[in-house]
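The values are calculated or read from the model by the stated rules, or taken from the named source; none is laboratory data. Owing to the predicted nature of the structure, the values given are computational and were not obtained by experimental measurement. Positions of Cβ are backbone-derived with ideal geometry, glycine not excepted, and every protein chain shown enters the neighbour counts. What goes into the accessible areas is simple: the full protein's heavy atoms, side chains included, and nothing from ligands, DNA or RNA. Shrake-Rupley method; radii C 1.70, N 1.55, O 1.52, S 1.80 Å.
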Amino acid sequence: MRIFDPHIHMTSRTTDDYEAMYAAGVRAVVEPSFWLGQPRTSPASFFDYFDALLGWEPFRASQYGIAHHCTLALNPKEANDSRCTPVLDALPRYLVKDSVVAVGEIGYDSMTPAEDTALAAQLQLAADHGLPALVHTPHRDKLAGLHRTIDVIRESNLPPDRVLLDHLNETTVKAATDSGCWLGFSIYPDTKMDEDRMVAVIKDHGTGKVLVNSAADWGKSDPLKTRKVGDALLAAGFTEDDVDQVLWRNPVAFYGLSGRLRLDVPDAPEPLHEGNSILRGGE
Amino acid sequence: MLTELTNGAPPSALQAALEEQLSGADRAWLHEALAEAEAEAEAEAAEARAKAGAEVPEPVDRNRAQWPLPTWEIRFAEAGRHCHPARRTAQEDPSTPSTPATAAAPCTPAAPDAQDLADAARVLLLHAVRADLDTTTRLYSHGTAAERRAVLLALPHLSAVTTPAGSALPLVEDALRTNDTRLVAAAVGPYATQHLDQHAWRHAVLKCLFTGVPADAIDGLSRRARADSELARMLRDYAAERTAAGRPVPDDLHRVLVLTALPDPAARPDTTARVEITADPTEES
């Protein structure tokens, strides 16, 4: 089973995770820039983070045979902090980089005017740079947030078939499907979706434009949830081709819209320089 | 092959070798990008000449990226998606990357060095634009790992414009602080050989051994390691530490140790050849 996790925050994960992901079939990931759990107080802090997503993290991933791309943006939470909003002005010079395959995560957190501004501005940046957009849907007041998100997308210059709406669930999947956007589902141990509910959603809505991700980060989450959904789909009678569409071909098709996806990059995980891992420089 | 070329060959030879490996479309992209870079260099030179006779020039913070970026800088950023090995692009449409080599055969080596091609294109761009210290510093500090690597590889080609001599050394030092082996390998080129002091250079050698960067990547190794008894001591200590931990000693360590025992041509031959080699020098030759 080949797996492309289209949304995972590897910066927060360990090399054990990379190893386990490779063993489970993960060969490609996209890491969206997001909130780090701790508020940042200046744009420079974002730039260091973006640099890590364009340098160190792809290197770490390559050591484990996994292709790493990223999406960059000012996230919805910190769009509300005036100390961070100058990030919007600096984004253009980052969006031209080779491994940036979308603008994201953008969207709503608390549905404030500042979030309206950042969302609209960044949808325009995506259109200007020939990039698709990864749009996070809010955790609170989700359905209303989804409708407002879709309205903003309709008013933007980015066509819905270049937008991935993420963190969907049973209450939002219908409106999201009707919008013409791609459909993202995050599988979590306690919150968001779980494997069995995901199987039920795919039974009802098909595999068409569905992407499944672990969205694993610094919270309680599991980077192997993609594989677990694949296993659950097979157990429920879906074919290997169905699973391949959801876990590989759909993410490749969506992020391939950028024209920048390179899946031939990593070598096989080479044996580490014995007992003196390349990854830590022996320190 | 291209890596070696990137590391010091004349730009014309580098361009010829690169073009040989590119598809027609990518070659056209390269020609246009180089023309844009040369035009930028011309425009800057003309501006400098015009200002030379005029009043005191305004200080410009060139370390700050402007938007929109000059076209050639966008080409510098996007080189990785325009420099694919010709054989691959002939077989596969890059817009539909649906047949990843990794999924089918995870043990197959990577396709013929796409990274080398992008390195070469970026080095040529930096040379064409005559990137000075401000420009190289800005591109490095705003760059992806691949772009930083290209700046490091280009430094030997830019010594006439990155003045005063050795002033780009902070970029090399930055790269040597990372644990990204692509950057470490690019940092130990001719520019480092020429400008790193002996203490920093020894640590660079040790860093390569620590992180698995082949000793062959270190420019001027045999010349600089000669008769370096302090480097020999560091290597022996490292070997002892590995041995105490029950871990193998990198083969390259023995090779470098042998080099340190060679006499310094400037000194009397028998005064420096007494470096004691505890590891077996015949193990790797």
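Descriptive notes on the structure:
- Per-pair calculated FRET efficiency, R0 = 56 Å: A:D161 and B:A46 via Cβ, rounded to 0.05: 0.75
- A straight chain from B:I74 to B:E32 at 0.36 nm per residue would run longer than the Cα-Cα distance by 13.9 nm.
- Between A:P113, A:P160, A:P223, the residue with the greatest mean-square fluctuation in the GNM of chain A (Cα pairs under 10 Å linked by springs) is A:P113.
- Listed residues A:D109, A:D128 arranged by accessible area, highest first, probe 1.4 Å: A:D128, A:D109
- In terms of accessible area, using a 1.4 Å probe and ignoring ligands and nucleic acids, A:M111, A:M198 rank largest first as A:M111, A:M198.
- Antiparallel bridges, percent of DSSP beta bridges restricted to chain A (to nearest 5): 5 percent
- Classified by the C-alpha gyration tensor, chain A has an oblate form. Its axis ratio a/c, with a ≥ b ≥ c, is 1.5 or above, and a/b does not exceed b/c.
- The residues A:E155, B:E19, B:E32, sorted by heavy-atom accessible surface at 1.4 Å with ligands and nucleic acids left out, run A:E155, B:E32, B:E19 from largest to smallest.
- Percent RCO, i.e. relative contact order, over chain A, from Cα pairs under 8 Å lying at least 6 residues apart: 21 percent
- Taking trypsin sites (Lys or Arg not before Pro) across region A:135-230, the ones in a DSSP loop with at most 12 further Cβ atoms lying within 10 angstrom of their Cβ are A:R140, A:K220.
- With a simple spin-label model that places each label point 7 Å from the Cα along the Cα-to-Cβ direction, the separation between B:A244 and A:D151 comes to 6.9 nm.
- Helical runs (DSSP H, four residues minimum) scored at -39500 (n - 2.57) apiece and divided by the length of chain A put the mean residue ellipticity at 222 nm at -11500 deg cm²/dmol.
- For region B:144-197, the solvent-accessible area works out to 32 Å² per residue, with a probe of 1.4 Å and every protein chain left in place.
- Among A:D190, A:D116, A:D141, the largest mean-square fluctuation in a Gaussian network model of chain A, built with springs joining Cα atoms closer than 10 Å, belongs to A:D190.
- Other protein chain Cβ atoms within 10 Å, averaged over every residue that makes up A:252-264: 5
- Cα gyration tensor, region A:82-236 - rounded (a/c under 1.5), prolate or oblate: prolate
- Computed with a 1.4 Å probe over protein heavy atoms only, the accessible area of A:S45 comes to about 50 Å².
- Distant-in-sequence amide H partners of A:L211 (H built 1.01 Å from N, under 5 Å): A:L183, A:G184, A:F185
- When accessible surface is computed with a 1.4 Å probe, chains A and B are found to bury approximately 3300 Å² between them, both chains counted.
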